[in-house]
Amino acid sequence: MKDTRVEVYTTPANLKIKPYEHHVKYYETDQMGIVHHSNYIRWMEEARMDLMEQMGYSYKTMEDAEIISPVISVACEYKSMVHFSDTVRIETKISYYNGIKLAFTYRMTDKETGELRSLAKSEHCFLNNSGKPISLKRAYPEIDTKFFQLVDEE
């Protein structure tokens with residue numbers, strides 16, 4: 001029988017998640033020097049992975065435990081343009097979690113001006129390496145507890 005224990009780093013009770021920052025690269029822009037819309041989705045993934053690192057449980061650790069978390073939906077509203085060399089701050093929050101599904105919200109703003117760049121969300125589920133749904137509540141209670149602690153009820 002497979003050992004389902006997973007090492008989860010201790011998360012302080014007063015953990016304050018820091019926004020993820022992304023400095024825009026030239027290759028992320030189009031001919032007009034504006035960031036191509038597909039890059040926002042990549043930034044969401046970077047911010048999501050950063051949030052998991054901050055909570056003490058990396059995406060790599062999750063995959064080592066044979067848990068995968070595919071995107072089942074994604075949405076992004078573009079509010080203002082991002083240009084080459086801008087730095088975007090991404091506030092990432094867990095908006096929903098039930099042990100089987102997980103949802104994040106993202107608020108992207110310009111680091112210098114605070115101007116809103118986009119609002120986005122993504123939904124994920126948890127599968128084993130065979131592609132079968134799993135409940136973190138049953139299979140990985142230590143991870144389940146971490147996600148529940150960070151759900152933002154706003």
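For helix 38-54, report the angle its Cα long axis makes with the longest principal axis of the Cα atoms of the chain; keep it between 0 and 90° and round to the nearest 10°.
In the chain, helix 38-54 runs at an angle near 50 degrees to the longest axis.
For helix 141-150, report the angle its Cα long axis makes with the longest principal axis of the Cα atoms of the chain; keep it between 0 and 90° and round to the nearest 10°.
Once rounded, the angle reads 30 degrees.
For 147, 84, what ranking results if the residue with the fewest other Cβ atoms within 10 Å of its Cβ goes first?
Fewest to most other Cβ atoms nearby, the residues stand as 84, 147.
Which of 17, 90 has the fewest other C-beta atoms within 10 Å, and how do the rest follow up to the most?
Least to most surrounded, the residues fall as 17, 90.
Before rounding to the nearest 500, sum -39500 (n - 2.57) across all DSSP H runs of length at least 4 in the chain and divide by the residue total; then give [θ] at 222 nm in deg cm²/dmol.
The per-residue figure over the chain is -7000 deg cm²/dmol.
Can you run phi through the Karplus equation (6.51, -1.76, 1.60; θ = phi - 60°) for region 27-35 and list ³J(HN,Hα) in whole Hz, with x for Gly and Pro?
Along region 27-35, the couplings run 5, 7, 9, 9, 4, 8, x, 9, 4 Hz.
Can you work out the base-10 log of I(q)/I(0) for the chain at q = 0.13, 0.20 1/Å, using the Debye formula on its C-alpha atoms alone?
-0.63, -1.23
Looking at the chain, send over the antiparallel percent of its DSSP beta bridges, to the nearest 5.
Of the beta bridges lying entirely in the chain, close to 95 percent run antiparallel.
Bear in mind these aren't lab numbers, they're just calculated from the coordinates by the rules spelled out. In this text the structure is predicted, and so the values were computed from the model without any measurement. Cβ: placed from backbone, ideal geometry, glycine included. Neighbour counts: every protein chain shown.
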